[in-house]
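Report on one structure; see the data block that follows.
The values are calculated or read from the model by the stated rules, or taken from the named source; none is laboratory data. These numbers come from a predicted model, not from an experiment. Quick reminder, even Gly has a Cβ in these numbers, built from the backbone with ideal geometry, and neighbours come from all protein chains shown.
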Amino acid sequence: MLTNRRTIIAGSLATTAATVFPRGAWAKEELKLHSFVPPTHIIWARVLTPWSQEVAKLSKGELTVRLFPSMQLGGKPPELYRQTQQGITDATFTLPGYTSADFPMMALTELPGTATSADDGTKKLWANFDKYLARDYKGTKVLMLWNSDTASIMSKSKPVRRLEDFKGMKIRTPSAAQSSQLEALGAIPIDMPVTQIYNSLDRGVIDASMIPMSAALDFKLIEVAKYFTVDAPLGRSPFLVAMNLNRYQKLPANLKKVIDDTTGLKLSLKGAAEYDAQSQAGIEAAKKDRELITLSAQERQRWMEAFKPMIRRKMEEGEKAGLPARGLVDAYGLLG
């Protein structure tokens, strides 16, 4: 075999490069995380931004998470999860409720009476994840899954004090699952992304919105709503950060470990804590020049009784579709 000077030099350079630059030093990975929320949103600013910084630090710069708020990569909020599922984006922060049909088991966690706070609800989501909820997330890896704080009814002209006040009111709902709750109370649900609530409430397109108090600050809803029914026994929305499963599986083992070590229940509870704290901040802000309405124990019970036929129907529909709906409803104790 003939060996010339060029071959020797090339071989020497390759050896030197392998020594000085070990594998992975130049093969950096970047993940694009897309969402509808603005960059000032509490989860974006206080949870996901610090998480992206932690990922960069732990991976020693080998893995970067680039954050794209406000639909900067295109599309509409209800399309976010499918963008990630199809590999158009690497990851997404969204609500399963925006495409409820894709999440039939998750929809049951939005029923009334599932939790007392975002923290309580988040722990229950993860406690039931492997047995009941994981089936809804084919093609993705769940990085965060957490509950919102308790939903409230925010209205501009007509306060909601009693069950009868709902009759005929057009109320924004975040999901099909929560639309059923409003129908059970006598209202007319209007499906609508959170980004449309402000203008719709201001212009009278809707009479009220069903949404947690944490959103009152994030989306400036205190400016347009005058009445806030804050302790209603309503369901709560789950929130999600998911990553394309193939993209995750193609990462080197050390970078998978970084993802695994920094996500899951631990990161989800941070999101829940921010929502619970923001909920209280929203209540305090609304108190200044808006009316906060609380329900009596008797009135709360009237609402819960109105919900029971709907809860039973949703459970039975799930069972007919071949889902373990009864098991999940029983795990939450919704009819017991």
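Tabulated data for the structure shown
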read-out: Candidates F68, F36 - the one that is surrounded by 20 or more Cβ atoms within 10 Å (Cβ to Cβ), farther than 17 Å from T263 by Cα and aromatic (F, W, Y); value: F36
read-out: Helices (runs of 4 or more DSSP H) completely within the stretch 245-305 that count 2 or more residues being among the hydrophobic types (A, V, I, L, M, F, W, C); value: 253-262, 265-287
read-out: Condition broken by K256, with the remaining ones in (1) within 26 Å of F129 (Cα to Cα); (2) among the basic types (K, R); (3) assigned by TED's automatic domain parsing to the domain that holds A177 satisfied; value: (3)
read-out: The stretch 269-281 residues that are outside the structural domain of A118 (by TED's automatic domain parsing) and among the β-branched types (V, I, T), paired with ones that are part of a helix (DSSP H, G or I) and modelled with pLDDT under 95 (beta carbon under 7 Å, 6 or more apart); value: none
read-out: Residues being under 22 Å from P233 (Cα atoms), over 24 Å from the mean Cα position of the chain (by Cα) and either touching a residue at least 12 places away in the same chain (Cβ under 8 Å) or buried (at least 20 other Cβ atoms within 10 Å of the Cβ) (or both) - total across the stretch 314-336; value: 1
read-out: Complete set of residues in the stretch 137-175 that are closer than 23 Å to Y227 by Cβ, surrounded by fewer than 24 Cβ atoms within 10 Å (Cβ to Cβ) and basic (K, R); value: K156, K158, R161, R162, K167, K170
read-out: Matching residues, the stretch 181-214, being small (G, A, S) and either under 16 Å from the mean Cα position of the chain (by Cα) or in a strand (DSSP E or B) (or both); value: A208, S209, S214
read-out: Checking K250 against (1) modelled with pLDDT under 95; (2) not hydrophobic (A, V, I, L, M, F, W, C); (3) not assigned by TED's automatic domain parsing to the domain that holds I293, the condition it does not meet; value: (1)
read-out: For L217: the one exception among (1) within 17 Å of S148 (Cα to Cα); (2) outside any helix (DSSP H, G or I); value: (2)
read-out: Pairs, first over 18 Å from A325 (Cβ atoms) in the stretch 122-142, second among the basic types (K, R), C-beta under 9 Å, six or more apart; value: K141/R247
